[in-house]
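Reviewing the structure listed below.
The values are calculated or read from the model by the stated rules, or taken from the named source; none is laboratory data. On a predicted model such as this, the values are computed, not experimentally measured, just so you know. Note that each Cβ is placed from the backbone with ideal geometry, even for glycine, and that neighbours are counted across all protein chains shown. What goes into the accessible areas is simple: the full protein's heavy atoms, side chains included, and nothing from ligands, DNA or RNA. Shrake-Rupley method; radii C 1.70, N 1.55, O 1.52, S 1.80 Å.
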Amino acid sequence: MSDNKRYGFTTTILHNDRRKTIEQGSLHKPVHTSVAFGYADARQLASVFQGKEPGFRYGRQGNPTVSALEDKISKMEDGVATLCFGTGMAAIGALFQALLKTGDHIVSSSFLFGNTNSLWQTVAGQGVDVAFVDATDVAQVEAALQPNTRLVFVETIANPRTQVADLARIGELCRARGILYVVDNTMTTPWLFRPKDVHAGLVVNSLTKSIGGHGIALGGALTDTGLFDWAAYPNIAQNFRKQPPAAQGMAQLRAKALRDFGAALGPEAAHHIAVGAETLALRMERTCANALALATMLEADERVAAVHYPGLASHPQHAIVEGLFRSGGSLLSFELKDDIDPFDYLNRLKLAIPASNLGDNRTLVIPVAHTIFFEMGPERRASMGIAEGLIRVSVGIEDTDDLVGDFRQALDA
């Protein structure tokens with residue numbers, strides 16, 4: 001398969017491995033478990049280490065199986081390069097490890113995945129100033145910028161309350177100011193939305209979630225969209241300035257976050273994720289349709305106090321969703337009336353599983369304030385709009401009638 005035709009999303013991912021030579025004609029890139037790579041010519045080995053020609057040095061910095069997945073993710077995000085990490089949190093942590101220094105400043109959405117919030121709190125204690133703002137309002141982002149602001153970080157759809165950042169306007173602001181714009185695309189995936197379209201310089205994806213889909217492998221990725229001018233970024237070390245300007249950011253990330261910090265993705269996990277990624281579009285179409293049907297049912301039930309789902313017309317940022325995303329995503333959350341105990345309700349569900357992951361093929365539910373957001377305390381939860389009885393739902397691919405019926409019978413019981 002060597003033609004240069006531009007194919008659709010799923011066709012490209014399905015056949016991407018075959019566009020390069022694969023051993024014995026395999027349809028998938030095989031799992032390469034070796035951590036060392038030998039060269040017949042010692043000069044070639046040196047050339048690879050110096051970045052003068054492509055090749056593999058050591059498993060912590062790259063592997064043929066992982067490289068094949070990185071190429072897939074780049075195609076998904078229409079990026080120029082991708083680095084894969086052992087987890088999604090490792091990918092976000094790489095930003096701090098490789099691109100920030102003491103005295104730097106970042107602006108982050110205050111509506112964040114709990115572990116990302118915890119990471120930024122840690123970063124703030126290590127000499128990098130972090131300003132948390134309501135990213136649904138670009139004016140708040142602009143007001144928080146400082147001369148030493150190095151990056152702006154937002155999620156597309158916030159987990160768990162589903163606030164949607166003012167993505168396009170923040171992108172325009174960052175482009176005008178020359179600030180690195182980092183967008184976590186996990187809750188939308190590159191099938192629903194490409195952050196490159198709003199001028200993001202780096203895109204984060206937790207591969208553990210919908211891209212992998214099956215809940216059997218941890219992984220994360222950073223994709224360079226090619227839009228950010230790394231030559232103007234002040235924290236690139238001199239040895240990486242020898243690279244072409246467009247390659248400097250990823251070269252430093254690979255060296256400092258993978259080689260030095262060791263946050264590498266293993267080849268077995270990369271293989272599982274790559275196979276799962278082939279059906280991303282098909283799965284997202286089903287999970288998003290299921291999420292809308294479930295959210296619509298819950299919103300219409302008088303026993304439900306509130307439903308938070310970007311695909312509903314009642315959602316505060318629904319207009320942004322309609323303008324940028326294919327649909328409202330597969331994540332929703334809701335609050336029951338005070339006379340219904342959320343734990344008893346969850347225990348009455350027969351299909352939805354109490355569990356902490358997202359983007360699984362199975363529908364997963366969790367009482368947010370008592371689990372994944374427990375340690376941050378009630379004041380911080382309140383500032384993020386997280387009610388004490390909030391239930392988060394990661395919607396799966398079950399038959400729609402079965403899924404909606406399960407949530408309805410738990411209300412009726």
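If you take the residues of the range 363-379 that are in contact with a Ser or Thr (Cβ under 9 Å, 6 or more places away or on another chain) and part of a helix (DSSP H, G or I), which of them is least open to solvent (accessible area, probe 1.4 Å)? Talk me through it step by step, then tell me what you get.
Applying the first criterion (in contact with a Ser or Thr (Cβ under 9 Å, 6 or more places away or on another chain)) to the range 363-379 yields 363-366, 368, 371-372, 375-376.
Checking which are part of a helix (DSSP H, G or I) leaves us with 368, 375-376.
Working: V368: 0, E375: 155, M376: 42 Å².
Filtering first and then ranking leaves V368.
Scan the range 170-179 and tell me whether some residue there is open to solvent by 10 Å² or more (accessible area, probe 1.4 Å), assigned to a helix (DSSP H, G or I), over 25 Å from S383 (Cβ atoms) and among the small types (G, A, S). Let's see the steps before the verdict.
Taking the range 170-179 and keeping what is open to solvent by 10 Å² or more (accessible area, probe 1.4 Å), we get 172-173, 175-179.
Applying the additional criterion that residues be assigned to a helix (DSSP H, G or I) yields 172-173, 175-177.
Next cut, over 25 Å from S383 (Cβ atoms) only: 172, 175-177.
Now restrict to residues that are among the small types (G, A, S): 176.
Within the range 170-179, one or more residues are open to solvent by 10 Å² or more (accessible area, probe 1.4 Å), assigned to a helix (DSSP H, G or I), over 25 Å from S383 (Cβ atoms) and among the small types (G, A, S).
Please verify whether T149 is of a type in the set (V, I, T) and in contact with a helix residue (DSSP H, G or I) (Cβ under 6 Å, 6 or more places away or on another chain), treating the condition exactly as stated. So that I can check it myself, show each step before the final result.
Working: of a type in the set (V, I, T): yes; in contact with a helix residue (DSSP H, G or I) (Cβ under 6 Å, 6 or more places away or on another chain): no.
No; evaluated as a whole, the condition is false for this residue.
Could you figure out which of (1) in contact (Cβ under 8 Å) with a residue 24 or more places away in the chain; (2) assigned to a helix (DSSP H, G or I) isn't true of T296?
(1)
Say we look at the range 25-51 and pick out the residues that are open to solvent by 60 Å² or more (accessible area, probe 1.4 Å), aliphatic (A, V, I, L, M) and assigned to a helix (DSSP H, G or I); which of these is farthest from T225 (Cα to Cα)?
Within the range 25-51, the match that is farthest from T225 (Cα to Cα) is A42.
Scanning the range 52-87 for residues that are small (G, A, S), part of a loop (DSSP other than H, G, I, E, B) and farther than 15 Å from A269 by Cβ, which turns out least open to solvent (accessible area, probe 1.4 Å)?
Taking the range 52-87 first, the residues small (G, A, S) are 55, 59, 62, 67-68, 74, 79, 81, 86.
Pick out the ones that are also part of a loop (DSSP other than H, G, I, E, B) and you get 55, 59, 62, 79, 86.
From what is left, the residues that are farther than 15 Å from A269 by Cβ are 55, 79.
Values: G55: 41, G79: 22 Å².
It comes out as G79.
Tally the residues that are open to solvent by less than 10 Å² (accessible area, probe 1.4 Å) and either assigned to a loop (DSSP other than H, G, I, E, B) or outside the structural domain of M89 (by the TED database) (or both), restricting the search to the range 180-211.
5
Give the residue that is most open to solvent (accessible area, probe 1.4 Å), with candidates limited to residues of the range 346-362 that are touching a Leu at 6+ places or on another chain (Cβ under 9 Å) and not in a loop (DSSP other than H, G, I, E, B).
Narrowing the range 346-362 to residues touching a Leu at 6+ places or on another chain (Cβ under 9 Å): 348, 351-359, 362.
Keeping just the survivors that are not in a loop (DSSP other than H, G, I, E, B) gives 348, 353-354.
Values: R348: 70, I353: 69, P354: 88 Å².
Of everything passing the filter in the range 346-362, P354 is most open to solvent (accessible area, probe 1.4 Å).
Would you say I340 is outside the structural domain of T162 (by the TED database), at pLDDT below 95 and surrounded by 15 or more Cβ atoms within 10 Å (Cβ to Cβ)?
Details: outside the structural domain of T162 (by the TED database): yes; at pLDDT below 95: no; surrounded by 15 or more Cβ atoms within 10 Å (Cβ to Cβ): yes.
So I340 does not fit the description; no.
Considering each of A270, A221, A217 in turn, give the residue that is in contact with a His (Cβ under 7 Å, 6 or more places away or on another chain), over 22 Å from F49 (Cα atoms) and either open to solvent by 40 Å² or more (accessible area, probe 1.4 Å) or assigned by the TED database to the domain that holds N185 (or both).
Details: A270 fails: in contact with a His (Cβ under 7 Å, 6 or more places away or on another chain); A221 fails: in contact with a His (Cβ under 7 Å, 6 or more places away or on another chain).
Of A270, A221, A217, the one residue that is in contact with a His (Cβ under 7 Å, 6 or more places away or on another chain), over 22 Å from F49 (Cα atoms) and either open to solvent by 40 Å² or more (accessible area, probe 1.4 Å) or assigned by the TED database to the domain that holds N185 (or both) is A217.
Every residue, every condition in (1) over 30 Å from A313 (Cα atoms); (2) touching a Lys or Arg at 6+ places or on another chain (Cβ under 6 Å); (3) not aromatic (F, W, Y), yes or no:
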{"site": "N117", "(1), (2), (3)": "no, no, yes"}
{"site": "G125", "(1), (2), (3)": "yes, no, yes"}
{"site": "D129", "(1), (2), (3)": "yes, no, yes"}
{"site": "F132", "(1), (2), (3)": "no, no, no"}
{"site": "P160", "(1), (2), (3)": "no, yes, yes"}
{"site": "D166", "(1), (2), (3)": "no, no, yes"}
{"site": "R169", "(1), (2), (3)": "no, no, yes"}
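On the given criteria, is I391 among the hydrophobic types (A, V, I, L, M, F, W, C), within 16 Å of T162 (Cβ to Cβ), surrounded by 14 or more Cβ atoms within 10 Å (Cβ to Cβ) and touching a Pro at 6+ places or on another chain (Cβ under 6 Å)?
On the way: among the hydrophobic types (A, V, I, L, M, F, W, C): yes; within 16 Å of T162 (Cβ to Cβ): yes; surrounded by 14 or more Cβ atoms within 10 Å (Cβ to Cβ): yes; touching a Pro at 6+ places or on another chain (Cβ under 6 Å): yes.
Spelling it out, I391 is indeed among the hydrophobic types (A, V, I, L, M, F, W, C), within 16 Å of T162 (Cβ to Cβ), surrounded by 14 or more Cβ atoms within 10 Å (Cβ to Cβ) and touching a Pro at 6+ places or on another chain (Cβ under 6 Å).
Six or more apart or on different chains, Cβ under 8 Å: which pairs go from a residue in the range 147-170 that's closer than 12 Å to D134 by Cα to one that's open to solvent by 10 Å² or more (accessible area, probe 1.4 Å) and basic (K, R)? Could you list them?
That search, which allows pairs on different chains as well, returns nothing.
Just name the residue that is nearest to H214 (Cα to Cα) out of those in the range 258-271 that are more than 17 Å from the chain's Cα centre (by Cα) and assigned to a helix (DSSP H, G or I).
Looking only at the range 258-271, we keep the residues that are more than 17 Å from the chain's Cα centre (by Cα), and these are 258-262, 266-268, 271.
Then keep just the ones that are assigned to a helix (DSSP H, G or I); that gives 258-260, 267-268, 271.
Details: L258: 25, R259: 29, D260: 30, P267: 17, E268: 14, H271: 12 Å.
Here the answer is H271.
Can G114 be described as on the phi > 0 side of the Ramachandran plot and not acidic (D, E)?
Values: on the phi > 0 side of the Ramachandran plot: no; not acidic (D, E): yes.
For G114, the condition - on the phi > 0 side of the Ramachandran plot and not acidic (D, E) - is not met.
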